[in-house]
1. Taking the inverse of the average 1/r across all pairs of different Cα atoms in the range 282-329, what Kirkwood radius in Å do you get?
2. So if I restrict to the alpha-carbon atoms in the range 1-87, what is the Rg, and what is Dmax, the biggest pairwise distance, in Å?
3. Where the only charges are on Cβ atoms (+1 Lys, Arg; -1 Asp, Glu), what is the dipole of the chain about its Cα centre, to the nearest 20 debye?
4. So what's Rg/Rh here for the range 210-322, counting alpha carbon atoms and using the Kirkwood radius for Rh?
5. For the chain, what is the mean residue ellipticity at 222 nm derived from helices alone (per DSSP H run of n ≥ 4: -39500 (n - 2.57); sum divided by total residues; nearest 500 deg cm²/dmol)?
6. Could you give the dipole magnitude of the range 215-333 about its Cα centre, charging the beta-carbon of Lys and Arg +1 and that of Asp and Glu -1, in debye to the nearest 20?
7. Give me the mean projected area, in nm² to one decimal, of the convex hull enclosing the Cα positions of the chain.
8. Based on the Cα gyration tensor of the range 96-248, what are the three equivalent ellipsoid semi-axes, each the root of five times an eigenvalue, rounded to whole Å and given largest first?
Amino acid sequence: MTADLTMRARAGDGAAFRELTEPYRRELQVHCYRMLGSLQDAEDALQDTLLAAWQGLEAFEGRASIRSWLYRIATNRCLNVRRAVARRQAREWTMPGVEPPEPTRLGEVLWLEPYPDALLEGAIDVPLGPEARYEQTESLSLAFLTALQALPRRQLAVLVLRDVLGMPATEVAGLLGATVDSVHSALKRARAGLRRRQPQPGEREPAPPPGSPSEQALVAEFVRAYEAGDTDALVALLTDDALVSMPPIPLEYQGREAAAHLFASIFRSGRRVDLVPTRANAQPAFGAYLRAPSGGRHGSGLFVLTLTGDRIGAFTRFDSSVFPWFGLPRSLSGR
């Protein structure tokens, strides 16, 4: 069947090409997202990959599978994109009437966007090689994505292909046009870089299962505290080393005390929001709608929670430009 579709696609049959590549579209988008940390960039890279595959199908010799060939094109497209996005600049604090406290540090990774869980169906239940080291959902967490984006380009590609997808070193070398020895060396350095930037499996309590009573209870407490502007109740839900970040604003607040100063400064301004639940990166998330004196509510940001045990280990805020990906309206009417 694949050989027949390939032959027809080479003859210019667009429908055959779509049938040949469609089974891999979702997983390739997720692969590009892991490489780039941006859904928009990932979708652009995916479209470039499919166009390059269509135009270069004549050169496909069938030595590797269509899937491996597409991964090769996608990975190299993403490496090219990363050269360009490295020039993106940080944004300044833009919350009117709120003076942010001194941050714990400035974030190393600025360009990061959330990934809607609604797009994960059929994208993470993909065949993995025997050497994969990470669960597919774990490798989509914001903490993991942030650590990935801080790696040099080649190390990032090798780690994703080897440890996330479990591809053999020989196959990765072929995909990247590298030697097996250089792949082993890059993987060793990438793993060391990852260890410095995020807790390793087993070092933190696991998050409660999605939709479980324990997750629902913790999320409900968070919603009550945040909508009420109750700093003490909110901070009580955080782990001791909780991290608050707001990419592409570089300010980061590590620990309960630093987080308390930030949330207190926001709540003292009188800002109150209503939270609409969604999910991002296999984690609980919320569209935040700022209450206006007129009674309307306007989208002000997307919050993503990283849970660990019965506490919140990280709070990440994105701006409201990501709402359309989650099917969230720009504003809500009434109360």
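1. Details: mean 1/r = 0.0851 Å⁻¹.
The Cα-based Kirkwood calculation yields 11.8 Å.
2. Computed over the Cα atoms of the range 1-87, radius of gyration and Dmax are 13.2, 44 Å.
3. Values: 39 positive and 39 negative charges, 156 e Å.
Magnitude of the dipole: close to 740 debye.
4. Details: Rg = 13.3 Å, Rh = 14.2 Å.
Reported Rg/Rh (Cα atoms, Kirkwood Rh): 0.93.
5. Working: 12 runs with 141 residues, N = 335.
It lands at -13000 deg cm²/dmol.
6. On the way: 11 positive and 12 negative charges, 108 e Å.
Using only the charged Cβ atoms, the result is roughly 520 debye.
7. Result: 18.3 nm².
8. Values: eigenvalues 236, 78, 37 Å².
Three semi-axes, in Å: 34, 20, 14.
Every number in this text was worked out from the coordinates using simple rules, so none of it is lab data. The model shown is predicted, which means the values in this text are computed figures rather than measured ones. Glycine also receives a Cβ, built like all others from the backbone with ideal geometry; neighbour counts cover every protein chain displayed.
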